[in-house]
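Student: Sharing a structure with you now.
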Amino acid sequence: SKSLSDEENLKLFGKCNNPNGHGHNYKVIVTVRGEIDPVSGMVINLTDLKEYMQEAIMEPLDHKNLDKDVPYFAEVVSTTENIAVFIWENLKKLLPMGTLYKVKVYETDQNIVVYKGEETI
């Protein structure tokens, strides 16, 4: 985090605090919901969903240094939580309104973030 000192970053992020960066092979699961089309039997055409995921996830993030290559992360710390928000926001722009239900990002088998958008009370 640019707003923390080197010592604070080390304490907060531990081994992930590498000034030269470090990599992960994230796994992303997208869940949609909605009415099932009686003709196709689908909530959304899976070919379309794959194309949306390619545009919203793979093109901006795959094989990138998030902090250097993705403008969003120039100002936002590239935690798995913020990656999930980034993916949600990108997909929300592409999917039919109301169909995006959940974005799940696996940083590792044990570190998983689930994001369902901002909820208002």
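Student: So, in nm, how far is label residue 108 from label residue 36 when the simple model puts each one 7 Å beyond its Cα toward the Cβ?
Tutor: Result for the modelled spin labels: 3.9 nm.
Student: While we're looking at this one, here's another question. What ranking of 29, 57 comes out by heavy-atom accessible area, probe 1.4 Å, highest first?
Tutor: Ranking 29, 57 by accessible area, largest first, yields 29, 57.
Student: In deg cm²/dmol and to the nearest 500, what is the mean residue ellipticity at 222 nm of the chain if only DSSP H runs of at least 4 residues count, each as -39500 (n - 2.57), divided by the residue total?
Tutor: The per-residue figure over the chain is -8000 deg cm²/dmol.
Student: Let me ask you something else. Per residue, how much accessible area does the chain show when a 1.4 Å probe rolls over the protein heavy atoms, in square angstrom?
Tutor: Dividing the accessible area of the chain by its residue count gives 73 Å².
Student: Shifting gears a bit: Please count, across the stretch 21-115, the pairs of lysine residues with Cα atoms under 16 Å apart that sit 8 or more places apart or on different chains.
Tutor: Lysine pair count for the stretch 21-115: 11.
Student: Projecting each Cα onto the charge dipole of the stretch 31-121 (Lys/Arg +1, Asp/Glu -1 at the beta carbon, about the Cα centre), which of 74, 34, 112 comes out farthest on the positive side?
Tutor: 34
Student: Now, a different point. Out of all DSSP beta bridges with both ends in the chain, state the antiparallel percent to the nearest 5.
Tutor: Within the chain, antiparallel bridges account for around 100 percent of the total.
Student: Summarise the long-distance tail of P(r) for the chain by giving the % of C-alpha pairs beyond 24 Å.
Tutor: Within the chain, distances greater than 24 Å cover 34 percent of Cα pairs.
The values are calculated or read from the model by the stated rules, or taken from the named source; none is laboratory data. On a predicted model such as this, the values are computed, not experimentally measured, just so you know. Positions of Cβ are generated from backbone atoms using ideal geometry, with glycine treated the same way; all protein chains shown enter the neighbour counts. Heavy atoms of the whole protein, side chains included, go into the accessibility calculation; ligands, DNA and RNA do not. Shrake-Rupley method; radii C 1.70, N 1.55, O 1.52, S 1.80 Å.
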